[in-house]
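Trainee: I'd like to ask you about the structure that follows.
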Protein chains: 2
Amino acid sequence: MKLASLKDGTRDGALAVVSRGLDRAVRAGPAAPTLQYALDHWTRVEPELRDLARRLEEGRAEGAEPFDPAAAMAPLPRAYQWADFSSYVTHVELVRRARGATLPDSFWNDPLVYQGAGDCNLGPTDPIPMMDPGWGLDFEGEVAAIVDDVPAGTDEQAAGRHIRLLMLVNDVTLRDLVPGELAKGFGFFQSKPQTAFSPVAVTPDELGDAWDGDRIHLPLLVRRGAEPFGRPNAGRDMVFGFRRMVAHVARTRPLAAGAIIGSGTVSNADRGVGSACIAERRAREMVEHGAPRTPFLAAGERVRIEMLDREGRSVFGAIDQVVTPVRPPQADPRSDRQSD
Amino acid sequence: MKLASLKDGTRDGALAVVSRGLDRAVRAGPAAPTLQYALDHWTRVEPELRDLARRLEEGRAEGAEPFDPAAAMAPLPRAYQWADFSSYVTHVELVRRARGATLPDSFWNDPLVYQGAGDCNLGPTDPIPMMDPGWGLDFEGEVAAIVDDVPAGTDEQAAGRHIRLLMLVNDVTLRDLVPGELAKGFGFFQSKPQTAFSPVAVTPDELGDAWDGDRIHLPLLVRRGAEPFGRPNAGRDMVFGFRRMVAHVARTRPLAAGAIIGSGTVSNADRGVGSACIAERRAREMVEHGAPRTPFLAAGERVRIEMLDREGRSVFGAIDQVVTPVRPPQADPRSDRQSD
């Protein structure tokens, strides 16, 4: 089952079931008006949504409409929890090596995570706002899971049963704000602006045997403009799987339904597959040539992140964004976002 | 105007207007079923809520009921954004001095903030869960603001106009998990479990001239069991006011309505007023005696955080919590939290 949140003028969008081929959609309606609502009541709502999905595939869903990714918000336009890991440890090792630092051995056993914020998520084709070209705008291609309610102290094995949906992420990062912020000791804040997500989130069964209950074994296709930038396999070199990540964040507190758990930049030790972010390529250049050569994103550039199944069909639809300069507000524009 | 979210079996509670004396409440009903809804539509909903508050004070509100803080959830039981600062820099300086570190000069000019998670907030009288007595359970008394939609790049002056509500916080912290987590470089995660909030959030006008548009000039009263632990004035030694904090977190991204901005542990340079967290007292003991003497919280201990106006009346009601041992789930208890 594939689910999207369609733009309808509200903050959370209208929950829709999308066809396997991503060409048609049907709104779930009052039974589950938003994806957050569906996750809040998953046990009751899931069978109804699956029934609707079946009817959609069979051409029997009343009110079906063409599906346009540009009409989709993030599956969760507002999320109460966004926890993003660095599960591809070879990526962390490489980035550290580039700045002359070594990787503590513990990083192979103890997951690294940062607490993000999901209050203003971007849709798959929303512009990437560029407020200041000097901030070092970068993309990060990731995979993510959405869980239902996870009690505090849930162990790794039980954690797997809480994974309800999977999706793709563009974890936009302002690289030149990172060093100063991390030096202060409390982690990222300004260096992690709004995050973008794929047009649909899918139940794990949509992946067939490419999902082993813990990892997605498919390449993540990342393009920068016309250039194929990377195609690392999300199931390879992922040191911590989703079960471990969920258990890690739930160690001392529960997770509320709708929490999003991200993998961190997908990265393979095999350099032939390229990279899912600019910073990683720059780190390789630093190690090889003593200096980075690839610039960060400029205004007007396009980033595309997608994943195809073994038959070449898009699983989640594409994140496809253009970097767009924006100015800070001149006056108080509060009324702009008031929805009534 | 004072607002509470009453326990009604739902995840977000029922929005209620509470009387100035905190003795009566009336549900806002369908016009504004939850506080998040009210914040999402503040311009439209605020006048209706203020009218209801007026009728409640005049004894003319239909359906008014006695207000019991134990029936209150956190004003926002789920929040999309919880950003917590360290605005009382003398506190940071003291804690650092205790571990032999100095404070970078920049900390007086550049606010320190960590990204928290607000998906599972605790109500004012909910137990503080103690999963492991070895984690060094501590309270932190803070003040916090709730904002409406804040556009990215909003400056300090404009930021003030977005502050809609104020409340108190118990930012529960697991001290013994902090050093290992901060050493990894990405900030807090497991060391910051669920946060608790006061019974009501109030519009700034409820504070009269104790609110200057940026700071709350009243002592925060913190008790540990029968002991008055601290009474630092929240308006004193607060290096960064709420306007600066809001502008800081909105520098590179918007904030969605309902974002919570916390001050960090309230702390005064005048040691005679005591402390709003155990760690600060332990830091003073470390500096004076070479070792901390005051233990962290044990099971059964009670923490009370409150603020009185100049006439001695409680402004926000009291956070009043008892430390309660809990066990991690034995089996998969998913169904426990499914609300239907």
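Trainee: Taking into account only those residues within the range B:174-205 that are assigned to a loop (DSSP other than H, G, I, E, B), of a type in the set (Gly, Ala, Ser) and at the interface with chain A (Cβ under 9 Å from one of its Cβ atoms), which is nearest to residue B:134 (Cα to Cα)?
Mentor: Step by step, filter the range B:174-205, then rank; the result is B:191.
Trainee: For residues that are modelled with pLDDT of 95 or more and not in a loop (DSSP other than H, G, I, E, B), scanning just the range A:314-340, find the one that is farthest from the other protein chains (Cβ to nearest Cβ).
Mentor: A:314
Trainee: Can I ask one more? Just checking, how many residues over the range A:155-173 are within 11 Å of chain B (Cβ to nearest Cβ) and either outside any loop (DSSP other than H, G, I, E, B) or open to solvent by 10 Å² or more (accessible area, probe 1.4 Å) (or both)?
Mentor: Here the count works out to 9.
Trainee: Give all pairs with beta carbons closer than 7 Å in which a residue from the range A:299-311 that is open to solvent by 40 Å² or more (accessible area, probe 1.4 Å) meets a residue that is of a type in the set (Gly, Ala, Ser) and part of a loop (DSSP other than H, G, I, E, B); count only pairs at least 6 apart in sequence or on separate chains.
Mentor: That search, which allows pairs on different chains as well, returns A:301/A:225; A:302/A:225; A:304/A:318.
Trainee: Hand me the list of strands (runs of 3 or more DSSP E) wholly inside the range B:209-268 holding 3 or more residues that are surrounded by fewer than 24 Cβ atoms within 10 Å (Cβ to Cβ).
Mentor: Correct list: B:221-224, B:227-230.
Trainee: Same structure again: Among the residues of the range A:84-127, how many are part of a strand (DSSP E or B) and out of contact with any Phe, Trp or Tyr (no Cβ under 7 Å at 6 or more places or on another chain)?
Mentor: Count: 1.
Trainee: Take residue B:67 and tell me if it is at pLDDT 95 or above and either open to solvent by 10 Å² or more (accessible area, probe 1.4 Å) or within 12 Å of chain A (Cβ to nearest Cβ) (or both).
Mentor: Against the criterion (at pLDDT 95 or above and either open to solvent by 10 Å² or more (accessible area, probe 1.4 Å) or within 12 Å of chain A (Cβ to nearest Cβ) (or both)), residue B:67 qualifies.
Trainee: Does residue A:105 satisfy the criteria of being more than 30 Å from residue B:184 (Cα to Cα) and open to solvent by 40 Å² or more (accessible area, probe 1.4 Å)? So that I can check it myself, show each step before the final result.
Mentor: Details: more than 30 Å from residue B:184 (Cα to Cα): no; open to solvent by 40 Å² or more (accessible area, probe 1.4 Å): yes.
Judged against the criteria, residue A:105 is not a match.
Trainee: Another question, then. For residue A:284, are the conditions met, namely being open to solvent by 20 Å² or more (accessible area, probe 1.4 Å), basic (Lys, Arg) and in the same structural domain as residue A:139 (by TED's automatic domain parsing)?
Mentor: It is true that residue A:284 is open to solvent by 20 Å² or more (accessible area, probe 1.4 Å), basic (Lys, Arg) and in the same structural domain as residue A:139 (by TED's automatic domain parsing).
Trainee: Of everything in the range A:7-35, what is assigned to a strand (DSSP E or B) and buried (at least 19 other Cβ atoms within 10 Å of the Cβ)? Give them in sequence order.
Mentor: Within the range A:7-35, A:14, A:15, A:16, A:17, A:18, A:25, A:26, A:27 meet the criteria.
Trainee: Out of (1) away from chain B (no Cβ under 13 Å); (2) in contact with a Ser or Thr (Cβ under 9 Å, 6 or more places away or on another chain); (3) under 15 Å from residue A:162 (Cβ atoms); (4) not polar (S, T, N, Q), what's the single condition that is false for residue A:214?
Mentor: Checking residue A:214 against (1) away from chain B (no Cβ under 13 Å); (2) in contact with a Ser or Thr (Cβ under 9 Å, 6 or more places away or on another chain); (3) under 15 Å from residue A:162 (Cβ atoms); (4) not polar (S, T, N, Q), the one that fails is (2).
Trainee: Between B:123, B:118, which is modelled with pLDDT of 95 or more, within 12 Å of chain A (Cβ to nearest Cβ) and open to solvent by less than 10 Å² (accessible area, probe 1.4 Å)?
Mentor: Answer to the check: B:118.
Trainee: Being free of Cβ contacts under 8 Å to residues at least 40 places away in the same chain, farther than 30 Å from residue B:268 by Cβ and open to solvent by less than 50 Å² (accessible area, probe 1.4 Å) narrows it down to one of B:38, B:53, so name that one.
Mentor: Of B:38, B:53, the one residue that is free of Cβ contacts under 8 Å to residues at least 40 places away in the same chain, farther than 30 Å from residue B:268 by Cβ and open to solvent by less than 50 Å² (accessible area, probe 1.4 Å) is B:38.
The values are calculated or read from the model by the stated rules, or taken from the named source; none is laboratory data. Note that the structure is a prediction, hence the values are computed from the model and not measured. For neighbour counting, all protein chains shown are included, and Cβ atoms are generated from backbone atoms with ideal geometry for every residue, glycine included. These area figures cover heavy atoms from the full protein model, side chains too; ligands, DNA and RNA do not enter into them. Shrake-Rupley method; radii C 1.70, N 1.55, O 1.52, S 1.80 Å.
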